[in-house]
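Peer 1: Sending over a structure as structure tokens; questions will come in a sec.
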Amino acid sequence: MEDLAKEISEVIVSSRITNMTDNMDDVIDILQKDENLLGEVENLLTKDDIVWVNKNNNKIFFEVTFDSDYPRSVNSKILDLDTEVKWIENQISKEESEINWENIKYRYKRALKELGFKNVTYYQKVREIILTHKSKKWRFLNNN
């Protein structure tokens, strides 16, 4: 159950960051059927994630309270350098036909902005990964 909650929370976070709701109908259906799972997922989400879910569906609702009531995970930074790099590695390790390059580009550009001072390190790590595995796509990621 804990693994499923973590997996669902990751889908929600990814959907919020990319602002793509393709997978959300399935997630919401699962959460509607299991209140315990809903609570576990809620504890793994940040305030931004919860607000996004509440705004983008009309079937489930997570309670939004004051910051002091949130679990530790909520007070952590929205984007983490290592998490973002690992996400890109996972995406490009898929079969070429399964890779959504527009999604990768959007998330890469957004992470560059949100990571602030860390973005030079992020840029270098992503560049190294892309040039090693999919060198022809590096130019695509950096075009406006």
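Peer 1: Taking the range 84-118 only, how many residues are surrounded by fewer than 16 Cβ atoms within 10 Å (Cβ to Cβ) and of a type in the set (Val, Ile, Thr)?
Peer 2: Qualifying residue count, the range 84-118: 1.
Peer 1: Looking only at the range 45-83, count how many residues are at pLDDT 70 or above, over 16 Å from Val11 (Cβ atoms) and surrounded by 15 or more Cβ atoms within 10 Å (Cβ to Cβ).
Peer 2: 2
Peer 1: So which residues in the range 119-131 are surrounded by fewer than 16 Cβ atoms within 10 Å (Cβ to Cβ), under 15 Å from Lys86 (Cβ atoms) and either charged (D, E, K, R) or at pLDDT 90 or above (or both), if there are any at all?
Peer 2: Glu128
Peer 1: Here is a further query. Condition (residue is hydroxyl-bearing (Ser, Thr, Tyr), at pLDDT below 75 and out of contact with any helix residue (DSSP H, G or I) (no Cβ under 7 Å at 6 or more places or on another chain)) applied to the range 7-19: is it met by at least one residue?
Peer 2: no
The values are calculated or read from the model by the stated rules, or taken from the named source; none is laboratory data. Everything numeric in this text was worked out from a predicted model, so none of it was measured. Glycine also receives a Cβ, built like all others from the backbone with ideal geometry; neighbour counts cover every protein chain displayed.
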